[in-house]
Every structure is written in structure tokens, then in C-alpha cells.
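Read the figures in this text as sums done on the coordinates, not as results from a lab. Fair warning: this is a prediction, and the values are worked out from it, not measured in the lab. Positions of Cβ are backbone-derived with ideal geometry, glycine not excepted, and every protein chain shown enters the neighbour counts.
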Amino acid sequence: MVPQNRAIHVLCIDDDVLVLSLVAEALGAAGMQVETAVDGSHALQKIAMAEPPYDVLIVDARMPNLDGWRLVMHARSGGFNGKIIIFSAHLDEHEQQRYEDLMIDRIIEKPPAAGELVAAVQELAQPGVTVPGTM
């Protein structure tokens, strides 16, 4: 839940710098405070030091060093209780289930429909939206 007096705080993690740039630009234009990381290891460092904590993580599933699944697993076990969107081009049913078991909030396929990612972040950051399995 985001207090009304501050912007939604988002961390976008993707090894494709063009994707990071486009996502950061779209979310920034919607008034969000956006930071980026090029891999899962870098993202975990940022998550640990973020003040205020990130409201939403946008995570690519396939990255070098630390993939999206391991990143989400470490973030959740480390106490991150914000929202998580998996942003990936190809996830089979088994991969989707693995992410759902980690209590992610949404899976969005690349490339998203116009405005889909911005709308998802705005929706998930609203009061009353709960992480699956924590009600």
C-alpha cells in the first residue's frame, strides 16, 4: 500500500538495457519513482538498501548471475512483502506454477499491450490489494 503523499516506488530488473529504458520511461511518465537493475544480484542489493522499500518489483524471468525465480525466492525469504510482477517473453506452465508458489502477484508477457504494465503497477500498489496467500 502506497501512502497518498508519495509516488509508487518501483524496481525494474532486466538484463536488456533497452527494456529497462523503455519500462523506466513509461512508468516515470506515469509519475512513478523508478529504479533499475541489470541482474538479480544487483537487484537484491538495491532491495536491501531501499528506503522507502519498493512497492513493486518488475522481474525478468531469464537473467544471468541470478535468474528471476531465484531473485524472487531470495527477496521473499529476506522479508520483501511488496508486489512482484514477472515480466517475461516465454514461461511454460511449469515455470508459471513455480512463480505462483513464491506468491508473485502478476505475470505479464513481453511485449505487453500498450499501458498494460503501467496499469498493473498502479493497480497492485493500491490499498486493499493483497499478495496471494496472505489474506
(Q) Compute a Gaussian network model of the chain, connecting alpha carbons closer than 10 Å, and tell me which residue from L18, L124, L27 fluctuates the most. (A) L18
Q: Over the Cα atoms of segment 62-101, compute the convex hull volume and normalise it per residue, giving Å³.
A: 72
**Q.** Where only C-alpha atoms are counted, convex hull volume of segment 9-124 per residue in Å³
**A.** 91
Q.
Compute a Gaussian network model of the chain, connecting alpha carbons closer than 10 Å, and tell me which residue from H90, H74, H42 fluctuates the most.
A. H90
Q. Across bins of 10 angstrom width beginning at 0, how are the C-alpha pair distances of segment 1-70 distributed, in whole percent?
A. 22, 52, 24, 2
Q | Most mobile of V34, V56, V19 in a GNM of the chain (Cα contacts under 10 Å) | A | V19
Q.
For a quick check: with amide H placed at 1.01 Å from N, whose amide H comes under 5 Å from A7's, ignoring anything fewer than 5 positions away on the same chain?
A. none
Q: Just name one of T36, L22, P64: the one whose Cα is farthest towards the positive end of the charge dipole of the chain (beta-carbon charges, Lys/Arg +1, Asp/Glu -1).
A: T36
